[in-house]
Amino acid sequence: MELLKLPRIRKIESFIISIPRETPYLGPLGPDEQINERGYLVRKGNRTIYPSSDMSVLVKATADDGTVGWGETYGIIAPQAVTCIIDDVLGPVVQGREIGDPMVIQEDLYDLMRVRGFFGGYYGDAMAGIDIALWDLYGKCVGLPVAKLLGGQRTQRIAAYVSGLPGRTMNERLATAQDFQARGFVAFKYAAAVSFDGIVEEMRALRERLGSQAELMVDLHWKFSAQEAIQLIDRLMPYRPYFVEAPCAPEDSLGQVQVGTAIRVPLALGEEWHTLYEYRARMESRAMAIVQPEMGHTGISQFVQIGRMAQAFHMKVIPHASIGIGIFQAASLHASATLPNCPMHEYQHSVFDRNLRFVKTTMRCFNGYFEVPEGPGLGTEPADSVWQYLVPKQNVK
Ligand code: MG
């Protein structure tokens, strides 16, 4: 039997997309929050900057036979930092490589800048965008879904939890949750950064409104010291949270361990980490029970290694979802569908639902479940309609 001759990578391109939205991510502006001249806002609740539009970086990988693969990564703040790294550093290095080598290429790209300290942040995001595009390209060239290339697909659908309950008042937020409950969703997470009526009060109100069957989670948005978090989580216990997320500052790794071992509810961490190395130390110290890899930061190659290492530590994987048009969401579903320890996936309904029209895909989130997209590669590509939101790289706003 003859070996399949795989093409090589001819070029890598990057694009910045900015899709306007009426209500900013996480919900309406709070007291003293405003959008600045660059289109960003700072959430007072967690002192973190967010975009007012849906900004994303798309990556196009073209093989020398003309086949095209698509990736996507974080472009939500300073997207030109990511596209500059892709265009100037990573893309030209990848040129000429064989398309069957995405995991090896990811390792090579990681090595390029590690001794200079660039193994995360914007550099990691740029690597992730290319990695996703290369897996998609590989799948298209061999005619297989990415999940199959990763070792096998366990499922065609993955349970989805409703993330974020945007609304000006508590009543509006509760109504949003009830609306999703009526449509078949059973798990809900709210965001402490916009819990203007109080974190404990919001969980109590959700439990009363949604009943005993609902699963409730809260994202604490890195707001607390370890002791503050432990006290707060004690006060949440009567409302039976399924998990609590990110209580302490990302750099407070000892605080995370302190919280994770003191509380009697699973701690979920990881959305801001890029590689196995950031996960490993926290896994060894049992800081968390649930890891939340973000595909836009990790790429597929790191994501699946993180997921399988989590399995070795008997931890669950409940992946993070963020602002994008749906390509890294599709990648996250493919990678999640290969894992034995992924009970559900975050569903950013306020982003996913409105941007689904900008991708050609069978991917859906319906009746409490994501459908993993079908077809070769990721089965998900930008639709023509997205290009009206292409932003020149020197003029991002
Ligand atoms: Mg979070």
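The values are calculated or read from the model by the stated rules, or taken from the named source; none is laboratory data. Everything numeric here is computed off the predicted structure, so don't read it as measured data. All Cβ positions, glycine included, derive from the backbone under ideal geometry; neighbour counts span all protein chains shown. Note: accessible area is taken over every heavy atom of the protein model, side chains too, but ligands, DNA and RNA are not part of it. Shrake-Rupley method; radii C 1.70, N 1.55, O 1.52, S 1.80 Å.
Quick notes on this one:
- Across C248, C365, the residue with the most accessible area heads the list, and the full order at a 1.4 Å probe is C365, C248.
- For segment 43-189, the equivalent ellipsoid derived from the Cα gyration tensor has semi-axes of 34, 23, 13 Å, listed largest first.
- Using a cutoff of 8 angstrom between alpha carbon atoms and counting only pairs six or more residues apart, the relative contact order for segment 194-261 works out to 36 percent.
- Dipole in debye (nearest 20) - the chain, about Cα centre, beta carbon charges: Lys, Arg +1; Asp, Glu -1: 540 debye
- Largest-first ordering by accessible area, 1.4 Å probe, given options V68, V146: V68, V146
- Protection proxy ranking, peptides 76-87, 39-50, average beta carbon neighbours within 10 Å, highest first: 76-87, 39-50
- Rotationally averaged projected area of the chain (alpha carbon convex hull; nm²): 18.9 nm²
- Computed over the chain, relative contact order equals 20 percent, with contacts defined as Cα pairs under 8 Å that lie 6+ residues apart.
- Here the relative contact order of segment 149-383, from alpha carbon pairs under 8 Å that lie six or more residues apart, stands at 21 percent.
- W387, W222, reordered so the largest accessible area comes first (probe 1.4 Å): W387, W222
- Neighbours of C342 by Cβ distance under 10 Å: Lys/Arg scored +1, Asp/Glu scored -1, total +2.
- In a fully extended conformation the segment linking N36 and R354 would gain 112.1 nm over its present Cα-Cα distance, using 0.36 nm per residue.
- In the assembled protein chains, L220 presents an accessible area of approximately 0 Å² (probe radius 1.4 Å).
- Listed peptides 198-209, 119-130 by packing density, highest first (mean Cβ within 10 Å): 119-130, 198-209
- Here the Kirkwood formula puts the hydrodynamic radius of segment 149-383 at 18.0 Å, using every distinct Cα pair.
- Modelled spin labels at V89 and M1, positioned 7 Å past Cα toward Cβ, are 4.1 nm from each other.
- Between amide H atoms placed 1.01 Å from N, distances below 5 Å from L165 occur with A191, all of them 5 or more places distant or on a separate chain.
- Taking only the Cα atoms of segment 38-121, the ratio Rg/Rh comes out at 1.05, with Rh defined as the Kirkwood radius.
- Protection proxy ranking of 90-98, 262-270 - average other beta-carbon atoms within 10 Å, highest first: 262-270, 90-98
- Volume in Å³ per residue [convex hull over Cα atoms, computed for segment 295-397]: 120 Å³
- Between the beta carbons of Q227 and S253, assuming R0 = 22 Å, the FRET efficiency works out to 0.85 to the nearest 0.05.
- Ellipticity estimate at 222 nm from DSSP helix runs (n ≥ 4, -39,500 (n - 2.57)) divided over the chain, nearest 500: -10500 deg cm²/dmol
- Partners for K60 among lysines (Cα-Cα distance below 18 Å; same-chain residues under 8 apart left out): K11, K140, K360, K393
- A simple spin-label model places the labels of E13 and V68 0.7 nm from each other, with each point 7 Å out along Cα-to-Cβ.
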